[in-house]
Amino acid sequence: MNLTTRILRARKEKKLSQQALADLIGVSRSALAQWETEMSSPSLANLRKMAELLEVSFEWLATGRGNQYLSTPVDTVCDAEVDGEIIRELNRMNLKKKRAILNVMRAMG
């Protein structure tokens, strides 16, 4: 199994769209699509983020060796989906609204 297949498999197992995972990593959806179609490869930093978000072993994702799954999950699928939605909504807001949201988040601590 090659890198592109491992990325696609792990993303689909978490039921994340390309857009949701791309938002969480901080890249464009088209960049993620290129990783899944062998048109390009993710940077080491993006590969690490992806492994963490998809709750898979970095070694497995990068090389195909070792155990696919982590012994302790980092996040849940629901958390990842919500994080993606939050990021998309924040990207639509102006700076004043973003600061207001940040203040609310800090108050919620």
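A few comments on the model shown:
- Each helix, a run of at least 4 DSSP H residues, gives -39500 (n - 2.57); summed and divided by the residues of the chain, these come to -20000 deg cm²/dmol at 222 nm.
- Sites Q34 and R65 - FRET efficiency at Förster radius 30 Å, r taken between beta-carbons, to 0.05: 0.80
- Heavy-atom surface of the chain, accessible at 1.4 Å and reported per residue (Å²): 64
- Sequence of T37, T4 from largest to smallest accessible area, 1.4 Å probe: T37, T4
- Over 28 Å between alpha carbons, listed pairs K12/K49; K12/K96; K14/K97: K12/K96; K14/K97
- Averaged over residues, the count of other Cβ atoms within 10 Å places the peptides 13-23, 93-103, 42-52 in the sequence 13-23, 42-52, 93-103, highest first.
- Pairs of alpha carbons in the chain whose separation is greater than 20 Å (percent): 43
- At R0 = 35 Å, FRET efficiency that the Cβ-Cβ distance of E85 and M1 yields, to 0.05: 0.70
- The amide H of Y69, built 1.01 Å from its N in the peptide plane, has S57 as neighbours under 5 Å, considering only residues 5 or more places off or on other chains.
- When the Cα positions of G66, M105, A45 are compared along the charge dipole of the chain, M105 comes out farthest toward the positive end, with charges on each C-beta of Lys, Arg, Asp and Glu.
The values are calculated or read from the model by the stated rules, or taken from the named source; none is laboratory data. These numbers come from a predicted model, not from an experiment. Quick reminder, even Gly has a Cβ in these numbers, built from the backbone with ideal geometry, and neighbours come from all protein chains shown. Just so you know, the surface numbers come from the protein's heavy atoms only, side chains and all, with ligands and any DNA or RNA stripped out. Shrake-Rupley method; radii C 1.70, N 1.55, O 1.52, S 1.80 Å.
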